[in-house]
Structures are given as structure tokens and as C-alpha cells.
Amino acid sequence: MVDAERPTGFNSEDLLTAVFEAMPLAMLLVESSLIIRWASKKGAILFGCEQETLVGQSIRPNQNGHWTLVDGHDFHEKIRNLFRSGDSITGEEQIISLYSNGKRIERHIRMNASLLESADTPLVLMAIEDITPLKELEEKSKETERLSLSIQMIRNAIHDLNQPLSALVGNLDLLEQHLSVDAPLRARVEKILESANGVTEVVRRLQMIVHAPKKREVLRAGTTRPMAYGRIDRGAGHDSP
């Protein structure tokens, strides 16, 4: 609770505390020395400690690394400048690194801060929203988008490969039929045809992967799932039923 001997410019300390506690954001009152004068329960939760522990701590970086807000944003300097300029901070996003019991916790926050000019002792009121879950969701969305793009590129590549591959297998099969006398050359064509059919099988499996529904079983090695189309095979160079 805010020190009653150091008024904040409001008529009722109890009312001020009640209003701050009712806010959906983490609320802090910071002195010009960058010492946390008061913190709401949500503020203490953000910093991972009890209210009594947070009050009296400095947001200024220190050698012990306690309650340090860092990662290149010069967070403490921004707050200090509010006491000098009287300006405010609105909707600014930061990354804060908190150190508690030797553990480093990184959170994404959105912050509003302003100087309480009516206070006998200047204080900066900070309202902090933890947007870490939102940032994580945005990152997952971007990853999904990148994955979808990669799948589409694979689909396009499979389509481009499948047409000439079908023609190759068909022509090799016709060539094989006309090489009944030349055994060595026929054997070589059969080898090429076997390799081409192997590539065809790989293409078919890739098609299964990129066209499969989101929920699908993991295929065991050497197993296949029934498809709506046949396998290119020796005979006439067309899909068999």
C-alpha cells in the first residue's frame, strides 16, 4: 500500500489503491530514484514475487541483476526521462528480462506511463500489459504461414515433376517392347525403367503427405495408404486402375 505520509495528490489513499487493484493491468508507482513505491497484485504477479518484496526494489539495472529491465531498450532511462520532461509513454512495447533466484524470465509487455504532477513527491504511474501470449500466438501464426507456403511450393514441384516423369516411364516402356533382340540394351532400359518407377513412388508418397488432412496417422516404413489414383507402371505408360 502507498505510504500515507507521502501523499500522491489524491484525496483517498484507499480509493487510489482500490482503483489500481481493479485495473486489468499491472500497476506500479515509481519514484524519481527509480524505486518502486507501490505495486498492485497484478504487478507483483508480472514480476513473479509478493507485493511486499517488489516494493522498495529499483528498476535500475544493478550488478546483482534483480528486477532488471534490459534487452537493449534502456527501460530505466525512459522512466527517468518522464520525471525530466513530464511527457508520457503510450502503448510502447518492450521486452523485459526479470531475474529472480538466479533465473531469467523474458516477457513481452505493452506499457503506458505518465507523471503524476499533482503529487507532492513526483511519481510515475506505470500500467503494464503482459502481451507474451499474444506474441507467441503471432509467432505461431507466422510459422503456420511459412509452413503453408512451403507445402504449396512442394505441391507445385511435384506437379511439375509428375508430368514429365509419366511421359518418361511410358516412353521407356514402349522402348523396352521394341528391344526384344538386343538383350544388353534391353537390360539397361529395364534398369532405367525400374529407377523411374522408384522416383514415381517417391512422388506418390509426397503427394500423400502434402494432400493429407491435418489429422493423419504416421505411416510406418514400407506401408502405403489407399489412394484415389493408381501407380504409373510398366505397360502402356498410363495410370493403372
Nearest 0.05, what FRET efficiency do GLU138 and GLU194 give at R0 = 51 Å with Cβ-Cβ as r? 0.55
ARG205-LEU174 FRET efficiency (beta carbon distance; Förster radius 30 Å; 0.05 resolution): 0.70
Please give the FRET efficiency for SER85 paired with THR121, using the beta carbon to beta carbon distance and R0 = 22 Å, rounded to the nearest 0.05. 0.80
Would you mind putting 120-127, 138-145 in packing order, based on average other-beta-carbon counts within 10 Å, highest first? 120-127, 138-145
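Taken together, the values in this text are just the output of simple stated rules run on the coordinates, not laboratory data. Note that the structure is predicted; figures quoted are calculated from it, not measured. Note that we place each Cβ from the backbone using ideal geometry, even for glycine, and neighbour counts take in every protein chain shown.
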